[in-house]
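S.K.: Just dropping this structure here.
The values are calculated or read from the model by the stated rules, or taken from the named source; none is laboratory data. Worth saying up front: this structure is predicted, and the values here are computed from it rather than measured. Note that we place each Cβ from the backbone using ideal geometry, even for glycine, and neighbour counts take in every protein chain shown. To get the accessible areas, we keep the full protein, side chains included, count just its heavy atoms, and leave off ligands, DNA and RNA. Shrake-Rupley method; radii C 1.70, N 1.55, O 1.52, S 1.80 Å.
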Amino acid sequence: MSQLIDGKQISKQIKDELKDEVARLAAMGKHACLAVVQVGNDPASSVYVNNKKKACAYIGIESRSYELPEETTEEELTALVEKLNRDEGVNGILVQLPLPSHIDEDRIIRTISPDKDVDGFHPVSVGRLWIGEKGFLSCTPAGIIQLLKRSGISIEGKECVIIGRSNIVGKPMAALLLRENGTVTIAHSRTKNLQEITRRADILIVAIGKRQFITADYVREGAVVIDVGMHRDENNHLCGDVDFADVEPHTSAITPVPGGVGPMTIAMLMNNCVETIRTQEERA
Ligand code: NAP
């Protein structure tokens, strides 16, 4: 029988561990403060921002909200980020993406100080990840590593296949699996014979952005399948990139959608916020 990897329960466990750690650090006079910046009022972004603020409150991290109008210019947003970089009371800066199309996202990501880059998107954080230096990890892939480890699934020596090469999921996922001594293959839209490649996987990570694309034909018997995708089906129910009903019987473990990878992203963001105070502790 396949093991259902419970992201809700594992993320709760991580948040509770972080809550204890934050209380311990607070007793030593060390506090974390996350600045959350949102431009415009895209409803999906507002839900994400609120969930992040709620997670901060649960763990005991102060969050400061900056809600800017849609017509905010790139220069105005850059000036705010630079001000937050200089503010010693702010440990982490999160600019909710996507930004309105008149703002260059890459420029804003590069403006955030790498020391406050809790999303792990700054090129310095990405570089540190690839050369094996300590730094902020991209939250969704870091959450997947925790899902695997805390479910007792070892990565070392395993054939790991990732479908998708985005900067926020596929590429950092590859670096993290490599760090855990997996043997890593990245597939993408130009990959030939995709099924042949995915059927080699002991661990198959699917971040393709296409609703229920992966069927049992893509999966080796007994593989572990991690579904990063997030979509609505014809009945408006959440579903993933994997056709769960078709694939699950052939797996040894699988993440559901919802309740798999999704809840882990915020838990790992909280971990990055706590990391900013752990670092203070090390420097002290
Ligand atoms: P993305 O930037 O759209 O990247 C999708 C990747 O899939 C691309 O690398 C693309 O290849 C590849 N791809 C597309 N069609 C393919 C095909 N037919 N065969 C093989 N590869 C194909 O997406 P993303 O940002 O990585 O996100 C992926 C999914 O995860 C989305 O559903 C997103 O909503 C979800 N997501 C969830 C979370 C969470 O917290 N749960 C976080 C982030 C993302 P090319 O590079 O060649 O175009």
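S.K.: Take the solvent-accessible surface of the protein heavy atoms, probe 1.4 Å, and return the percent of it on the stretch 94-201 that carbon and sulfur atoms account for. Intermediate values should be presented prior to the final figure.
M.R.: On the way: 2480 of 5110 Å².
That fraction is 49 percent.
S.K.: Given Cα positions, please report Rg to Rh for the stretch 189-284, the hydrodynamic radius being the Kirkwood one. Each step should come with its number before you reach the end.
M.R.: Values: Rg = 16.9 Å, Rh = 14.9 Å.
Rg/Rh for the stretch 189-284 comes to 1.13.
S.K.: Working out 0.36 nm times the residue gap between Arg200 and His237, then minus their Cα-Cα distance, what length gain in nm do you get to one decimal?
M.R.: Details: separation 37, 0.36 × 37 = 13.32 nm, distance 3.08 nm.
Length difference between fully extended and current span is 10.2 nm.
S.K.: Moving on. Only bridges with both residues in the stretch 139-261 count here: give the DSSP antiparallel percent, nearest 5. Could the numbers behind the result be given before it?
M.R.: Details: 2 of 19 bridges.
Around 10 percent antiparallel, to the nearest 5.
S.K.: Could you list the square roots of 5 times each eigenvalue of the Cα gyration tensor of the stretch 1-118, that is, the equivalent ellipsoid semi-axes, sorted largest first and rounded to whole Å? Before the final figure, lay out each step's value.
M.R.: Details: eigenvalues 156, 82, 28 Å².
Equivalent ellipsoid semi-axes, largest first: 28, 20, 12 Å.
S.K.: With the crude spin-label approximation of a point 7 Å out along Cα→Cβ, what separation in nm comes out for Asp42 versus Ser189?
M.R.: Distance between label points: 1.8 nm.
S.K.: Can you bin the stretch 139-261 into rounded, prolate or oblate? Criterion: square roots of the alpha carbon gyration tensor eigenvalues sorted a ≥ b ≥ c, rounded for a/c under 1.5, prolate for a/b above b/c, oblate for the rest.
M.R.: Verdict is rounded for the stretch 139-261.
S.K.: Angle check, please: helix 262-283 long axis (alpha carbons) against the longest principal axis of the chain (alpha carbons), in degrees 0 to 90, nearest 10.
M.R.: Helix 262-283 and the main axis of the chain meet at about 50 degrees.
S.K.: Right, here's the next one. Taking the DSSP beta bridges in the chain as the whole, what percent of them are antiparallel, to the nearest 5? Numbers along the way, then the final one.
M.R.: Details: 2 of 32 bridges.
Percentage antiparallel, nearest 5: 5.
S.K.: Within straight cross-link reach of Lys52, meaning Cα distance under 27 Å, which lysines are found once same-chain residues fewer than 8 apart are removed?
M.R.: Filter leaves Lys8, Lys12, Lys15, Lys19, Lys30, Lys83, Lys116, Lys134, Lys149, Lys171, Lys210.
S.K.: Lys and Arg at +1, Asp and Glu at -1: add these up for the other residues within a Cβ distance under 14 Å of Glu75 and post the number. Display every interim value, and only then the final one.
M.R.: Details: positive: Lys83, Arg107; negative: Glu71, Glu74, Glu76, Glu82, Asp104.
That sum, taken over residues with Cβ under 14 Å, equals -3.
S.K.: Sorted by mean Cβ packing within 10 Å, highest first, what order do the peptides 14-20, 240-246, 261-267 take? Could you put the intermediate results ahead of the total?
M.R.: Working: 14-20: 16.0, 240-246: 20.9, 261-267: 23.7.
Ranking the peptides 14-20, 240-246, 261-267 by packing returns 261-267, 240-246, 14-20.
S.K.: How much FRET efficiency would the formula 1/(1 + (r/R0)^6) give for Lys53 and Glu159, where r is the Cβ-Cβ distance and R0 is 35 Å, rounded to 0.05?
M.R.: On the way: r = 40 Å, r/R0 = 1.13.
With R0 = 35 Å, the Cβ-Cβ based efficiency is 0.30.
S.K.: Separate question: Would you kindly calculate the translational diffusion coefficient of the chain, applying Stokes-Einstein with the Kirkwood radius from alpha carbon pairs, for 20 °C and a viscosity of 1.002 mPa s, and quote it in µm² s⁻¹ without decimals?
M.R.: Numbers: Rh = 19.7 Å.
In µm²/s, the coefficient rounds to 109.
S.K.: Zone of Lys12 (label point 7 Å along Cα→Cβ, backbone N under 20 Å): which residues in the stretch 243-272?
M.R.: Answer for this model: 254-271.
S.K.: Provide the FRET efficiency to the nearest 0.05 for the Asp104-Met230 pair, computing r from the beta carbons and using R0 = 25 Å.
M.R.: Values: r = 25 Å, r/R0 = 1.02.
Taking R0 as 25 Å, the efficiency between Asp104 and Met230 is 0.45.
S.K.: Right, another one. State the extension gain, in nm to one decimal, for the chain segment bounded by Met1 and Ala79, taking 0.36 nm per residue of separation less the distance between their alpha-carbons.
M.R.: Working: separation 78, 0.36 × 78 = 28.08 nm, distance 5.46 nm.
Here the answer is 22.6 nm.
S.K.: Skip the ligands, DNA and RNA, and give the accessible area per residue of the chain with a 1.4 Å probe, whole Å².
M.R.: Details: 13590 Å² over 284 residues.
Here the per-residue accessible area is 48 Å².
S.K.: Let's see if you can work this out: charge +1 on each Lys and Arg Cβ, -1 on each Asp and Glu Cβ, no other charges. What is the dipole magnitude of the chain about its Cα centre, in debye to the nearest 20? If you can, show how the numbers build up before the last one.
M.R.: Numbers: 33 positive and 40 negative charges, 123 e Å.
Around 600 debye, computed over the chain.
S.K.: Just order 213-219, 39-45 by mean Cβ neighbour count inside 10 Å, highest at the front, would you? Don't skip to the end; give the middle numbers.
M.R.: Values: 213-219: 19.0, 39-45: 14.7.
Order by mean packing, descending: 213-219, 39-45.
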